[in-house]
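The values are calculated or read from the model by the stated rules, or taken from the named source; none is laboratory data. Remember, predicted model here, so these are calculated numbers, not experimental data. Here the Cβ positions follow ideal geometry from the backbone for every residue, glycine too, while neighbour counts run over all protein chains shown. Quick note on the areas: whole protein, heavy atoms, side chains included, nothing else; ligands and nucleic acids left out. Shrake-Rupley method; radii C 1.70, N 1.55, O 1.52, S 1.80 Å.
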Amino acid sequence: MSGPLDLKALEADMVAARGAAEALAGRAMAGLRAVRPGTGGRAWMVAFDGPEFLCLDHSLAPVDDVARVRDVAQALLAAEVVDEMVDAPALRALRPHVEPLAPFEGDLPAAIQALGRAADACDELAEWREQPDRIVASLVDIDAAVLIQARAHSAYATFAGVTEPLVARQQELAPELLAALVAVEQAASDAGLGMALGKVLGEGMPGIVEAADEMAAAHITPLR
């Protein structure tokens, strides 16, 4: 993950980036975000009505390299996908559903242990999502989130696999156990554990690339 973020310095930088962008465009911006692609240092992606876009480098000069603009746009769009998928409150909501299964640990030790691991990873991912650093779209931080979510997804898949045979005989289960299992399933669904974040990003990459190309094509200063 990236190092500690100086929020006051970033806020000042954002004000400066907004001023530079609006001076270049001659109109008010619609949005702005700091972006840290895999290489090349921090950049700024500024949106204007249209939609049109302006990418600024760390010195607040317009980027004129189309490949660099595309890289920045792809990092921004990937971060937006992750922002939407990683819901901190929903992730933290899995933990309370572990305790109701404790009385059945003798019958389902592997399942309950797996659910505990999933809850641990969910809490870690929620903490990641709530860090102030998320204000910067960073590919390095996205990679970290993908790894954490993969652990949560894998642990929950183990839990689901171990408990799946119970579905066929749910009429025989204690009402408390059945209710606990249903609640876990719903909480895990809300937390997005039914899918791997890395796979979602991979499958969505063609769309991200296409959208990044469209952003570059709508850049308000010339690109080469």
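Table for the structure above
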item	result
Count of residues meeting criterion [closer than 17 Å to residue 11 by Cβ and without any contact (Cβ under 8 Å) to a residue 24 or more places away in the chain] in the stretch 36-67	1
Residue that is surrounded by the most Cβ atoms within 10 Å (Cβ to Cβ) [pool: residues in the stretch 135-155 that are free of Cβ contacts under 8 Å to residues at least 40 places away in the same chain and in contact with a helix residue (DSSP H, G or I) (Cβ under 7 Å, 6 or more places away or on another chain)]	148
Filter pass, residue 95 being more than 27 Å from residue 217 (Cα to Cα) and in contact (Cβ under 8 Å) with a residue 12 or more places away in the chain	yes
The lone exception for residue 33 - which of (1) more than 30 Å from residue 158 (Cβ to Cβ); (2) in contact (Cβ under 8 Å) with a residue 24 or more places away in the chain; (3) over 21 Å from the mean Cα position of the chain (by Cα) it fails	(3)
Test: residue 222 is under 24 Å from residue 52 (Cα atoms) and in contact with an Asp or Glu (Cβ under 9 Å, 6 or more places away or on another chain)	yes
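Each row is one residue, and each column tells you yes or no for (1) surrounded by 16 or more Cβ atoms within 10 Å (Cβ to Cβ); (2) assigned to a helix (DSSP H, G or I); (3) under 14 Å from the mean Cα position of the chain (by Cα); (4) among the aromatic types (Phe, Trp, Tyr).
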site	(1), (2), (3), (4)
125	yes, yes, yes, no
133	yes, yes, yes, no
176	no, yes, no, no
184	yes, yes, no, no
188	yes, yes, no, no
195	no, no, yes, no
201	yes, yes, yes, no
212	yes, yes, no, no
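So that you can scan it fast, the table gives a plain yes or no per residue for (1) under 27 Å from residue 124 (Cα atoms); (2) open to solvent by less than 70 Å² (accessible area, probe 1.4 Å); (3) of a type in the set (Asp, Glu):
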site	(1), (2), (3)
7	yes, no, no
25	no, yes, no
61	no, yes, no
74	yes, yes, no
